[in-house]
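Data block below; observations after.
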Amino acid sequence: MITLDIETIPTQNEEFKADIKATLKRPKTTTKCGGDVDALMEEMFVEKWQKTALDPAYGTIVCICVDINGVEYSWCGPDELKLISDFNSVMEEFKDEVIITHYGKMFDMPFLARRSWVNGLPNVFEAFPGPASQSVMDTREMWCGSYNKQEHVKLNKLASIFGLGSKTADGSNVFSMWFEGDFDAIEKYCMEDVKLTLAVFNKLNVGGVK
């Protein structure tokens, strides 16, 4: 079994940043930011820019962690192309394994696939046999039901329900870790998510996949 998690940050492309600024409408006056229109514009930009971390067309992967049958692998750093390339090399050796994720069908795996294409790399998940419904076990889907695409449950909530402890951080902290250049903290947090996802899966997988 392969348990997977990734961490992402906002776009680092200056052209994309300029495009975001170009979409902002400058107010004539404001009561926010002490009435400083320029400060408000910067606040609006930062808010939209940070949201690109969730958009694979613009966001950047800074960490990938997996547990493959009890062996941990991690790739973390500023070079997205190398991260994905190194990850793909390992994954190709285990393409017959079931993938375990939390919300990975909707986020991690599509994000990795699209960032692979952006970086001129193949989508490694295409090498996995069978449809995603058989080769991927998503703990969000296991809890909410495969028919329910709208409901979301946080990994931390499931961990609490099953008495597995709680996360020491959340995805919103990754940006500040990256801003401070603390890739070790990002890697630790990402691997923590992998371990928690696997623990939750084991609670949900009663009499299921081995």
Completion exercise
Under 5 Å from the placed amide H of residue 136, counting only residues 5+ away or on other chains, we find 99
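Can you compute the charge dipole magnitude of the chain about its Cα centre, using +1 on each Lys and Arg Cβ and -1 on each Asp and Glu Cβ, nothing else charged? Give it in debye, rounded to the nearest 20. Don't skip to the end; give the middle numbers.
Numbers: 22 positive and 32 negative charges, 183 e Å.
Rounded to the nearest 20 debye, it is 880 debye.
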Practice task
Over the chain, calculate the relative contact order: mean separation of alpha carbon pairs under 8 Å at least 6 apart, over the residue count, as a percent.
Solution key: 26
Problem - Violating pairs (Cα-Cα greater than 18 angstrom) within the set 95/203; 82/154; 157/203; 21/51 - result: 95/203; 82/154
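Coordinate-derived values only; no laboratory data. Please read all numbers here as calculations on a predicted model, not as lab measurements. Note: ideal-geometry Cβ built from the backbone for every residue, glycine included; neighbour counts use all protein chains shown.
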